[in-house]
Amino acid sequence: MVYLATAVTLVGVIGLLNLVFTFGVVKRLREHTAQLTELREHGGDQIMLRAGATAGQFRAVATDGTTVARDELSGRTLVSFFSPRCVPCQERLPAFLDYAASMPGGRDQVIAVVAAEPDDAAESVAALSAVARVVVEPDHGPLGSAFAVQGFPAICVVGADGVIVASGTTLDDLPSPALV
């Protein structure tokens, strides 16, 4: 009989501990839900600066030796951020190359940033060089920071004044090249 009473008591204690932990998990989930809601309301779901925001100052040297800088932008410029380790980047690259090739002003109005070490970026640089001035930089490099890039791919159209016209992760988020 003593064993039965001990077993019932032990099961009761385990049940109470389980209940306490369950309440803790529910409380934590509510806190996370509130945080996610707040992030979404304040633009946390954006992969880069939204339309209407102004890009920060940047200056970098492209792989062809030209300098790209916010103050030197002329007209609307297509700016893209890719990573060789990013599967969606590889999937969207052919469509991006077609889009960039049809940009008014040609490759002078297109900047492609490859976030990688130079050795890892060679294949992406080769593909993008025909249609863009290509900059290779580490994650959160000068251009990535100027455009507040949070992931890849990130694509935007920016005006000569540095104001973002449109941004997103797909070409569907941008106006047609003829309207840029």
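The values are calculated or read from the model by the stated rules, or taken from the named source; none is laboratory data. A quick note: this is a predicted structure, and the numbers were derived from the prediction, not measured. Because the Cβ atoms are built from the backbone with ideal geometry, glycine has one as well, and the counts that use them run over all protein chains shown. Protein only, heavy atoms only, side chains kept; ligands, DNA and RNA dropped before computing areas. Shrake-Rupley method; radii C 1.70, N 1.55, O 1.52, S 1.80 Å.
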Nearest 10, in degrees from 0 to 90: the angle of helix 2-41 to the longest Cα principal axis of the chain is 20
Could you order Met48, Met1 by accessible surface area, starting with the largest, using a probe radius of 1.4 Å?
Met1, Met48
What FRET efficiency do you get for Asp108 and Ser176 if R0 is 22 Å and r is their Cβ-Cβ distance, rounded to the nearest 0.05?
0.70
P(r) over all Cα-Cα pairs of the chain, 5 Å bins from 0 to the longest distance, whole percent per bin, short to long, reads 1, 8, 15, 17, 16, 9, 5, 4, 4, 4, 3, 3, 3, 3, 2, 1, 1, 0, 0
Based on the Cβ-Cβ distance from Lys27 to Glu123, what FRET efficiency comes out when R0 is 45 Å, to the nearest 0.05?
0.40
For Val8, what accessible area in Å² do you get when you roll a 1.4 Å probe over the heavy atoms of the protein chains, rounding to the nearest 10?
90
Which value, in debye to the nearest 20, gives the size of the charge dipole of the chain about its Cα centre, when Lys and Arg are +1 and Asp and Glu are -1 at the Cβ?
600
Could you work out how far helix 87-101 tilts from the main Cα principal axis of the chain, as a 0 to 90 degree angle to the nearest 10?
20
Accessible surface of segment 64-174 [probe 1.4 Å, protein heavy atoms]: carbon and sulfur percent:
51
Which of Ser129, Ala160, Phe147 sits closest to the plus end of the dipole of segment 115-174, meaning its Cα is farthest towards the positive end, when Lys and Arg get +1 and Asp and Glu get -1 on the C-beta?
Ala160
Keeping every protein chain in place, order His32, His140 by accessible area at 1.4 Å, biggest value first, i.e. largest first.
His140, His32
List the cysteines of the chain that have no other Cys Cβ closer than 4.7 Å: which are they?
Cys156
Alpha carbon convex hull of segment 87-180, volume per residue in cubic angstrom:
93
Please give the contour-minus-distance gain from Arg59 to Ala130: 0.36 nm per residue of separation, less the Cα-Cα distance, rounded to one decimal in nm.
23.4 nm
